[in-house]
Structure formats: structure tokens, C-alpha cells
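> Just passing along the structure, written as C-alpha cells.
The values are calculated or read from the model by the stated rules, or taken from the named source; none is laboratory data. Computed from a prediction, not measured in an experiment: that's the story for all the values here. Neighbour counts are summed over all protein chains in view; Cβ atoms, including those assigned to glycine, are modelled from backbone coordinates with ideal geometry. What goes into the accessible areas is simple: the full protein's heavy atoms, side chains included, and nothing from ligands, DNA or RNA. Shrake-Rupley method; radii C 1.70, N 1.55, O 1.52, S 1.80 Å.
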Amino acid sequence: MSTTSKTAGRVDGTDERSVRELVEQATHTYVAQLQFRYFKDEPAAVAEMAQLRRGAGRRAHEIPELWGIDALEKLAELMPKSASGSGRREDAEEAVFLASTLWALHQQSRPGQNTHVRGKDLGGAVRALIRLKKTEGADEEESPLRKRLVRVGTAESFPSVAVRLREIVTLLRTVPEPLPLDYARLAGQLYRWQDRSTRAGVQREWGREFHLAASAPRTGKGKTPDAEKGDAIDPTLDADEDGTYGGYAAGE
């Protein structure tokens with residue numbers, strides 16, 4: 001997987017924005033269809049979900065039994081044939097695979113509760129989780145959960161992002177009420193993250209999502225001062241600093 005800047009923002013005649021949209025479309029179509037079948041308790045869907053969960057936080061090529069999952073088949077149908085040898089095609093596949101498997105982990109044991117909901121972003125979900133878990137008088141900005149989001153944003157490798165996102169999704173499953181994510185949006189962000197020329201934009205988005213969520217209705221007083229910071233990525237936190245939040249992949 002290459003994380004260097006790609007040529008002129010194009011993938012064999014398809015511009016980067018179009019590829020991102022295809023990544024999001026493939027992810028949403030697959031997840032929405034499988035989610036519907038899972039809610040109907042179809043045995044094949046339940047078995048497929050179990051398979052997908054085994055791939056959460058892993059790379060697509062590491063799980064041979066998942067090489068032919070429908071999410072990647074849908075992406076293959078949408079992507080132009082001329083892009084088959086493109087490095088960005090591989091990036092698109094990794095993004096769809098990671099988002100789909102993380103969703104399966106999130107959806108586990110939640111029949112009838114949607115964990116893939118369009119418009120529900122990563123930063124907002126982390127903020128909501130902090131509020132559900134916080135004790136009276138605790139500072140949301142100093143929460144260890146916020147620092148987990150920071151560590152996603154400051155990761156230097158895609159495997160590191162995958163593992164750190166898996167930890168956040170696992171935590172989202174620990175609360176009784178659903179804290180859904182838009183896994184199609186996340187897939188598009190993961191696609192862009194793999195290109196160093198667009199990575200900073202994704203990092204800013206995650207930070208902005210977190211801070212804008214501070215203005216979510218709670219007291220009726222509007223935005224907090226933090227809502228305009230626009231970036232949750234703490235420049236003082238080293239990209240691979242362990243601090244007290246261990247458990248990440250070896251060598252990170």
C-alpha cells in the first residue's frame with residue numbers, strides 16, 4: 001500500500017472525487033443491504049457478518065476467506081476497468097474493506113438497531129460517547145476517548161489507523177443506546193487518507209467533526225467555545241505516542 005502522493009489526482013481517467021464517491025457508494029450499498037438481511041435474521045447474512053468481524057482492523061489481503069466479499073465486488077463493478085492496475089484502486093479496496101468490517105463489528109448483537117446511519121460522523125460519535133461515559137464535572141477535551149481520536153488522526157500507517165479505529169468502534173459498542181456511524185463517509189475518508197496530498201484534509205475533518213459536535217443540543221445555549229477550533233489533532237502528541245492508551249499493534 002502506497003501512501004505517497006499520486007499522479008495529478010487522477011485514477012486512469014477517473015478523478016479522485018469520483019473515485020471517492022464510488023468508494024462511498026459501494027460501501028453504503030453493501031452495508032445497507034446486508035444490514036437489512038441481518039435484521040431479518042437470514043442465516044447467510046448472520047454467517048457473513050461473523051466472517052466480516054474477523055477482518056475488522058486487518059488488511060484486505062490478510063483474510064483470504066474475505067477476498068470475494070460483496071463490498072469489493074460492488075466496488076469492482078463501479079470502478080472503470082482501466083483502473084485495475086492503479087495503486088489508487090488498491091487504496092479504494094482497502095478503504096471499502098476496512099469500513100465494511102468495522103461496521104460488522106459495530107453491528108454485532110444489535111438486531112434492529114442501525115449502526116450505519118448516513119450523516120453520523122466519527123468525531124461526533126466520539127463526542128457522544130464521551131458524554132455518555134463522563135462523570136459530573138469531567139472535561140470533555142481532556143477525555144482519554146478524545147485522545148484515542150487524536151491517535152487515529154496522528155497515525156502514520158494505514159494498519160495503525162485500522163487498529164485504532166477498531167478500538168474506537170469496540171468502545172462504541174459498550175453503551176446500551178446505539179451510537180451509529182456513517183460508514184460510507186468513513187470509507188471515503190479512509191480512501192483519501194492513504195494519499196499524503198489529501199491526508200491533512202481528512203485529519204481536519206475528523207477534528208472539525210469532534211468540535212462541531214460540542215454544539216449539539218444539551219443546554220440550549222448554542223456552541224461552546226471549542227466548537228470553532230476546527231481541529232482535534234493535538235500537535236503536541238507524537239504520532240505513535242503510547243501514553244496510557246496501549247493495546248495498539250506491535251511496532252506502532
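> Among the residues of the stretch 127-143, is any surrounded by 14 or more Cβ atoms within 10 Å (Cβ to Cβ), in a loop (DSSP other than H, G, I, E, B) and in contact with a Phe, Trp or Tyr (Cβ under 8 Å, 6 or more places away or on another chain)?
For the stretch 127-143, residues surrounded by 14 or more Cβ atoms within 10 Å (Cβ to Cβ), in a loop (DSSP other than H, G, I, E, B) and in contact with a Phe, Trp or Tyr (Cβ under 8 Å, 6 or more places away or on another chain): absent.
> Moving on. Anything in the stretch 4-52 that is of a type in the set (Lys, Arg) and modelled with pLDDT of 90 or more? List them, or say none. Don't jump to the end; show me each part of the working.
Going through the stretch 4-52, the residues of a type in the set (Lys, Arg) turn out to be 6, 10, 17, 20, 37, 40.
Across the stretch 4-52, the qualifying residues are ARG20, ARG37, LYS40.
> Considering only residues that are in contact with a helix residue (DSSP H, G or I) (Cβ under 7 Å, 6 or more places away or on another chain) and open to solvent by 10 Å² or more (accessible area, probe 1.4 Å), which ones fall in the stretch 187-197?
ARG192
> Within the bounds of the stretch 144-164, is there any residue that is more than 19 Å from the chain's Cα centre (by Cα), within 14 Å of GLY124 (Cβ to Cβ) and either basic (Lys, Arg) or modelled with pLDDT of 90 or more (or both)?
No - not one qualifying residue is present in the stretch 144-164.
> Pull out all pairs, ordered by first then second residue, where Cβ-Cβ is under 6 Å, the residues are six or more apart or on different chains, the first lies in the stretch 129-153 and is over 25 Å from TYR191 (Cβ atoms), and the second is surrounded by fewer than 17 Cβ atoms within 10 Å (Cβ to Cβ) and modelled with pLDDT of 75 or more.
LEU132/VAL175
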